[in-house]
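Since every read-out is calculated from the coordinates, none of them should be taken as a lab result. Model, not experiment: these values are computed from the prediction. Cβ placement follows ideal geometry from the backbone for every residue including glycine, while neighbour counts extend to all protein chains displayed.
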Amino acid sequence: MQRDELNFENNIVLCICEGNAETDIIDILLDNNMLIFTRDMLFEKRVLRRESVDRIQDNYLSLDYGSKLPFILRIIDSKHDAFKLREPYKTMYKSRIYTFCTSPEIEMLIIYDKKDIKCFNKENMKPSVYCKANY
């Protein structure tokens, strides 16, 4: 996907992240203006934590955005994660949902950023488990 294919200008973005590692990295990218959207474009100017589809529909999609529906960006770590909206949201948001799947190495970036590599190496854990337990 090329950078100019998505235009979020003058729109609200619901950026929903799987866990702390994904949230931290998106926050770093936002703080350094390295994404095609800004923090000001985010709903409530923040990255949202992953919730059930029902909660997302009830808490965010049911709000009145006028004629500008938000874009939904999902940053997840599983290619098999289902995101099945019910009607009328399924039809309304069909072309406004983008899912990005991170690789397992993303947690290692957080461990390095937190300068915890020595502690991590002493543990016998997968990076995702270590991040969940420590951050």
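Extending 7 Å from Cα along the Cβ direction at Tyr65 and again at Lys132 yields two label points whose distance is 3.0 nm. Across the range 120-126, coupling constants 3J(HN,Hα) worked out from phi with the 6.51/-1.76/1.60 Karplus curve, θ = phi - 60°, read 4, 5, 6, 7, 10, 10, 6 Hz, and Gly and Pro carry x. Here the chain is described by how far its Cα atoms reach on the three principal axes: 53, 30, 27 Å, from widest to narrowest.
Each residue of the range 73-84 is assigned a 3J(HN,Hα), and the resulting list reads 10, 10, 10, 10, 10, 9, 6, 9, 7, 7, 9, 9 Hz, derived from the Karplus form 6.51 cos²θ - 1.76 cosθ + 1.60 (θ = phi - 60°), x at Gly and Pro.
With the simple spin-label model, which puts each label point 7 Å out from Cα in the Cβ direction, the Leu109 to Ser95 separation comes to 3.0 nm.
Between the beta carbons of Lys45 and Met125, assuming R0 = 25 Å, the FRET efficiency works out to 0.15 to the nearest 0.05. The long axis of helix 20-31 is offset from the longest Cα principal axis of the chain by roughly 70 degrees.
Pairs exceeding a 28 Å alpha-carbon distance, out of Lys94/Lys114; Lys45/Lys132; Lys45/Lys84: Lys94/Lys114.
Translational diffusion of the range 5-69 was estimated from the Stokes-Einstein equation, with Rh taken as the Kirkwood radius over Cα pairs; at 20 °C and 1.002 mPa s the coefficient is 169 µm²/s.
Ranked by the mean number of other Cβ atoms within 10 Å of their residues, highest first, the peptides 54-67, 36-49 fall in the order 36-49, 54-67.
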